[in-house]
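Some notes on the structure that comes next.
The values are calculated or read from the model by the stated rules, or taken from the named source; none is laboratory data. Source: prediction; values computed, not measured. We place every Cβ from the backbone using ideal geometry, glycine too, and count neighbours over all the protein chains shown.
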Amino acid sequence: MPDERRIATLVAFAIVYTTSAQDDVIDYMERYFSTLFNRANRKGQKERLRSLKDLDGSARELSRVCMLLLDEEVPDETIRKTIFSIIPKERLKLAIGMIDTLTRPVDQTVEYKELFRYYTSVRRFLPKLLATINFKASSAGQPILAAWKFLSDVESSKTEKNKFAGAPTEGISASWKRVVFKGDRISSCPYTFWVAEKMLEGIKNHDIYLENSDRYNDPRSKLLQGTAWKSMRTKVLSTLGWSANVEESLNPLKKNLDTAFKNTIRNWDNNPAVRVEMVKGKEKIVLSHLDQLEESDSLVLLRKQVNSLIPNTDLPGLFVDQGYRTIYPYKPRWFSNQGFVCQYMCCSHSQSM
């Protein structure tokens, strides 16, 4: 190539493959951390299953204690003496300790003990990742982006004492707080994994994005802006049936939404199809399954008619039919698949001779 074209080609190659490589890094990052979290949860579940026998024994002893507490025939003055006569105090302490060890809070969704064992592996690449990839964030992703940048600053900091003082923790859940905070100090290992989990959520929700990216760019950048939007505004509004006045377009939607909310609240107590349940320590709306509708006679008849029109052929027959249509695209098919195969073989044989 001439020098000018060669330089232009190299520059274009560098730009395109830098973007591609950056997206690949985020793909690997998502895959790696997702694998770690899933692997930790699987190992934690297996460990809990192995300890189920010990948990059952401790739970049964505590159940006996609770039965005594509920027994109204046992006097309140002698309840402790009665309990300790059946289950010694030291054995009861062991049972309580066993349950505290083998159970986890209802709001905990991650097996922290197993997850934190991979911290050494994460440290092999995390400093380079923090220094190389420059993430951006929408308003919803700003808190977690601040935590990610804090980790980057910690890596470049030369101070050794209390590096994580003042670390951003906005949006941290109660279950993560229990492992991240050690008194007034923040533990580096749990904090790093919490930030990684929130970053994965932000990337999937497009609250965290990259500039000059094909797969992880800002979705808002695709919106028409400036003169491009002004030139298309009238046509878009006309297509959607919206007014150029914002209030006129939104007022009907606001009224419909307000009416729907009020009707829902008014009928909530009498609606058996919806309820609120506690799931992992959080309130969650649960909708009942809809009853299956019976199929009408006309629908059953229509399905039979459609099925009767579909040819009953095997897979080789489909290949033969497609081959015939490729070779003779305009010739009507007046013979069967077997006849076509014979004709095709005869034509091939005559050509070879």
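Checking the structure you have, find out if any residue of region 324-336 is surrounded by 10 or more Cβ atoms within 10 Å (Cβ to Cβ), in a helix (DSSP H, G or I), modelled with pLDDT under 60 and not basic (Lys, Arg). Yes; the residues of region 324-336 include at least one that is surrounded by 10 or more Cβ atoms within 10 Å (Cβ to Cβ), in a helix (DSSP H, G or I), modelled with pLDDT under 60 and not basic (Lys, Arg). With respect to the conditions (1) under 29 Å from the mean Cα position of the chain (by Cα); (2) over 30 Å from Trp176 (Cα atoms); (3) modelled with pLDDT of 80 or more, Leu309 falls short on a single one, namely (1). On inspection, Val65 fails the criterion of being in a loop (DSSP other than H, G, I, E, B), outside the structural domain of Lys163 (by TED's automatic domain parsing) and not charged (D, E, K, R). Kindly indicate whether Ala131 is among the hydrophobic types (A, V, I, L, M, F, W, C), at negative phi, assigned by TED's automatic domain parsing to the domain that holds Lys204 and assigned to a helix (DSSP H, G or I). Here the answer is yes, as Ala131 does meet what is asked.
Evaluate region 39-62: report whether one residue or more is closer than 30 Å to Leu130 by Cα, in contact with a helix residue (DSSP H, G or I) (Cβ under 7 Å, 6 or more places away or on another chain) and of a type outside the set (A, V, I, L, M, F, W, C).
Kept after step one, since they are closer than 30 Å to Leu130 by Cα, are these residues of region 39-62: 39-44.
Filter once more, keeping what is in contact with a helix residue (DSSP H, G or I) (Cβ under 7 Å, 6 or more places away or on another chain): 40, 43-44.
Next, from what is left, pick out any that are of a type outside the set (A, V, I, L, M, F, W, C): 43-44.
Checking region 39-62: at least one residue is closer than 30 Å to Leu130 by Cα, in contact with a helix residue (DSSP H, G or I) (Cβ under 7 Å, 6 or more places away or on another chain) and of a type outside the set (A, V, I, L, M, F, W, C).
Under the condition of being surrounded by 10 or more Cβ atoms within 10 Å (Cβ to Cβ), of a type in the set (Ser, Thr, Tyr) and in a helix (DSSP H, G or I), the residues counted in region 237-257 number 2. On the stretch given as region 214-224, residues that are touching a residue at least 40 places away in the same chain (Cβ under 8 Å) and either assigned by TED's automatic domain parsing to the domain that holds Ile15 or more than 30 Å from Val122 (Cα to Cα) (or both) total 1. When region 88-115 is filtered for residues that are in a helix (DSSP H, G or I) and surrounded by fewer than 18 Cβ atoms within 10 Å (Cβ to Cβ), the ones remaining, listed by number, are Lys89, Glu90, Arg91, Lys93, Leu94, Ile96, Gly97, Ile99, Asp100, Thr101, Leu102, Lys113.
How about region 142-183: which of its residues are surrounded by 11 or more Cβ atoms within 10 Å (Cβ to Cβ), more than 22 Å from Lys128 (Cα to Cα) and of a type in the set (Lys, Arg)? Lys177, Arg178, listed by residue number. When the residues of region 191-223 are filtered to those that are of a type in the set (Ser, Thr, Tyr) and assigned to a helix (DSSP H, G or I), the one that is nearest to Lys136 (Cα to Cα) is Ser221. Taking first residues from region 258-277 that are surrounded by 10 or more Cβ atoms within 10 Å (Cβ to Cβ) and partners that are in a strand (DSSP E or B) and not aliphatic (A, V, I, L, M), the Cβ contacts under 8 Å between residues at least 6 apart in sequence or on separate chains come to Val276/Glu283; Val276/Lys284.
What's the total number of residues in region 7-57 that are within 30 Å of Asn212 (Cβ to Cβ) and over 24 Å from the mean Cα position of the chain (by Cα)?
Keep residues of region 7-57 that are within 30 Å of Asn212 (Cβ to Cβ), which gives 7-37.
Now narrow it down to the ones that are over 24 Å from the mean Cα position of the chain (by Cα): 7-19.
Within region 7-57, residues that are within 30 Å of Asn212 (Cβ to Cβ) and over 24 Å from the mean Cα position of the chain (by Cα) number 13.
Just one of the listed residues (Ala165, Ala146) is in the same structural domain as Gln22 (by TED's automatic domain parsing) and in contact (Cβ under 8 Å) with a residue 24 or more places away in the chain, and it is Ala146. Taken over region 231-273, the criterion of being at pLDDT 90 or above and small (Gly, Ala, Ser) is satisfied by Ala260 alone.
Is it true that Thr82 is part of a helix (DSSP H, G or I) and assigned by TED's automatic domain parsing to the domain that holds Met199? For Thr82, the condition - part of a helix (DSSP H, G or I) and assigned by TED's automatic domain parsing to the domain that holds Met199 - is not met. Whenever a residue of region 225-249 is of a type in the set (Gly, Ala, Ser), its partners that are surrounded by 10 or more Cβ atoms within 10 Å (Cβ to Cβ) and part of a helix (DSSP H, G or I), lying with C-beta atoms within less than 7 angstrom and at least six residues away or across chains, give the pairs Ser243/Ser249; Ala244/Leu237. Residue check: Leu102 meets all listed conditions (1) of a type outside the set (Lys, Arg); (2) within 22 Å of Phe193 (Cα to Cα); (3) in contact (Cβ under 8 Å) with a residue 24 or more places away in the chain but one, namely (2).
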